[in-house]
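Below is one structure, written out as structure tokens; the observations come after it.
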Amino acid sequence: MKLHSKFAVYNTLSKVVIIFVFVIIMPVVIKEVAIINTDRQLLEKREKVLFILENEGISSFIAEGSTGGYGSYNLLKEEFISLEELDSVQHLDEIENSARLVDDEVVDYRVLSYTFAADNRQYLLEVARSLSTIYEIESTLRRFALITLVIISLITILIDIAFTKYLLRPLKAIISKLHATKDPSSFTFKSVATSTADFQYLDESIHDMMNRIEDVFLKERQFISNVSHELLTPISIIQGKLENLLGSENLSDAGQVRLVETQKTITRLKNIIRTLLLISKIENDQYLLRDSVSVVSLIDDISKEIDERLEAREIVLNKEGIQAHTIQRCNASLLHTMFFNLINNAIKYNRHGGSIIITGHYAEAEYTLQISDTGIGVSPENLPFIFNRFKRLHKTDKESFGLGLPIVQTIADLHHIKIAVTSIPGEGSTFSLTFTSNKDGSPVNKIMNARISKAVLQRR
């Protein structure tokens, strides 16, 4: 899961937890708020009634000598105010819930009871509000609070997601820059625009690391190139001397056998050095890409070269499913080497009497060529390392030195060809090569032109 997705999930879950907790405590809190608000209103009404009584007198509500009292209810029985004279002195100043009988109907009220003295007499004032009204207000407040909380949470989640995505844009740019780097020499050292100190430090650290890696990488390339050049000459001299010794009449049969074996070893070493030199030249852009090659013609030429090997192992090569395709701006010699190595491997690791199927087809703007065999296959644990140098996947193969597929990968990278491999042990392997569009002005051609220009400058 991506980092900004984790932030989004965290923000969402935190908001959900807040809503859940609030939903649990909200009824209690809102009920208390509704009661406190009601009590405040009852106290305000009490003060208003006492002010009226002080200005107009008790007699305006209760006549002198009357044994009754005063009562006022609204139409829906939601509120009432009552005033009555007491026979004894009492001291009340409280608010409590109480049921009252109103027009033969029992109604629950929140009642404020207050006693006071006026004209040497004791009176009881009651101001009340029905609990149903309070509960209705409570329910309204609860709904409003819940809706408001959900809306605020959704808005904050969207804002958090957008801000997190914006905040992590420099990190995404750094990752994209690393992902686009195929080798240290192709790394872009342009700093990522960001005001976040952590990302600036990360970008600078990566630049420093890539500088060191590029330095080591270039030294390694140069070393391989120099060593390959230097070794070819003495090995060729040794090989020439061995050939002269083999022509000697005084050499015994046993000596001849040993010299032949030594010469085979020298030849094998020479092939390794030539292969390393080839890889080094490709990686240092010493090959021009200005040929046009037909895939069908290329496969036909290679099949003629390997015809004897196919007959010796009774392997059938099926190449009828290849659609015509011309590879533009390429190096014909290198492509020949790449396809030859793939088809040669399909023969080498195939079973006796097996088959090789080569197909090529278009899919949108891409052309894909597949080379499938019915050979021994590659185990899943070895498949990720199939293009590693000097990695021999089959220990019984004494002829291979583990550079055939690395050459294929190097040539494919030079031509921006995507390679995918699928394999089932005991059933065979399939190599898929995907060529991007060769239309003029495409990114591929621009890269090819840049490589050509660079190579020409190096030759000058």
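The values are calculated or read from the model by the stated rules, or taken from the named source; none is laboratory data. Everything numeric in this text was worked out from a predicted model, so none of it was measured. Here Cβ is always computed from backbone atoms with ideal geometry, including for glycine, and neighbour counts include all displayed protein chains. What goes into the accessible areas is simple: the full protein's heavy atoms, side chains included, and nothing from ligands, DNA or RNA. Shrake-Rupley method; radii C 1.70, N 1.55, O 1.52, S 1.80 Å.
What is the local net charge at F431, summed over the other residues whose Cβ is closer than 13 Å to its Cβ (Lys, Arg +1; Asp, Glu -1)?
Values: positive: K418; negative: D373.
Residues near F431 contribute 0 overall.
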(message) On C-alpha positions alone, give me the angle between the axis of helix 131-167 and the longest principal axis of the chain, in degrees, nearest 10.
(response) 20
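Give me the percent of Cα-Cα pairs in the stretch 198-352 that sit more than 17 Å apart, rounded to a whole number. It would help to have the intermediate numbers written out before the result.
Values: 9145 of 11935 pairs.
Within the stretch 198-352, distances greater than 17 Å cover 77 percent of Cα pairs.
If you take the Cα Rg of the stretch 154-214 and divide it by 2.2 N^0.38 Å, with N the number of residues, what do you get?
Details: Rg = 14.2 Å, N = 61, 2.2 N^0.38 = 10.5 Å.
Ratio of Cα Rg to 2.2 N^0.38 Å: 1.35.
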(request) Could you state the angle between the C-alpha long axis of helix 253-283 and the longest principal axis of the C-alpha atoms of the chain, as a value from 0 to 90 degrees rounded to the nearest 10? (result) 40
(request) Provide the gained length on full extension for the span T196 to E427, in nm with one decimal, where the gain is 0.36 nm per separating residue minus the Cα-Cα distance. (result) 77.8 nm
(request) Mind giving me the nanometre distance, one decimal, between the label points for F20 and V89, set 7 Å out from Cα along Cα→Cβ? (result) 6.1
(message) Checking the cross-link filter: which aspartates and glutamates have an alpha carbon closer than 14 Å to that of K219, excluding same-chain neighbours under 8 positions apart?
(response) D183, E283
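Please say if the stretch 273-321 is rounded, prolate or oblate, where rounded means a/c under 1.5 for a ≥ b ≥ c the square roots of the C-alpha gyration tensor eigenvalues, and otherwise the choice is prolate for a/b larger than b/c and oblate otherwise? Don't jump to the answer; show the numbers that get you there.
Numbers: a/c = 3.96, a/b = 1.68, b/c = 2.36.
Oblate, because a/c is 1.5 or more while a/b does not exceed b/c.
Determine the dipole magnitude for the stretch 1-65: charges of +1 sit on the beta-carbon of Lys and Arg, -1 on that of Asp and Glu, nothing else is charged, the reference point is the Cα centre, and the result goes in debye to the nearest 20. Don't jump to the answer; show the numbers that get you there.
On the way: 8 positive and 7 negative charges, 188 e Å.
So the dipole magnitude of the stretch 1-65 works out to roughly 900 debye.
How long are the three semi-axes of the equivalent ellipsoid for the chain, computed from the Cα gyration tensor as the root of 5 times each eigenvalue, in whole Å, largest first?
Details: eigenvalues 1934, 122, 85 Å².
Semi-axis lengths for the chain are 98, 25, 21 Å.
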(request) Kindly flag which residue pairs out of K241/K270; K15/K165; K241/K348 have an alpha-carbon separation exceeding 22 Å in this structure. (result) K241/K348
(message) Between helix 3-56 and the chain, what is the angle of the helix's C-alpha long axis to the longest principal axis, kept within 0 to 90° and rounded to the nearest 10?
(response) 10
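Tell me, what % of the accessible area of the chain is carbon and sulfur with a 1.4 angstrom probe? All intermediate terms of the calculation are to be shown ahead of the outcome.
Working: 15790 of 28030 Å².
C and S atoms contribute 56 percent here.
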(request) Calculate, for the chain, the solvent-accessible area per residue in square angstrom, rolling a 1.4 angstrom probe over the heavy atoms of the protein chains. (result) 61
(request) With only Lys, Arg, Asp and Glu charged, each at its Cβ (+1 for the first two, -1 for the last two), find how big the charge dipole of the chain is about the Cα centre; round to the nearest 20 debye. (result) 4060
(message) Taking R0 as 30 Å, what FRET efficiency do you get between A162 and F189 from their Cβ-Cβ distance, rounded to the nearest 0.05?
(response) 0.50
(message) Please return the longest range in the chain lying between exposed loop sites, taking chymotrypsin sites (Phe, Trp or Tyr not before Pro), DSSP loop only, at most 12 other beta-carbon atoms within 10 Å, and leaving the sites out.
(response) 190-389
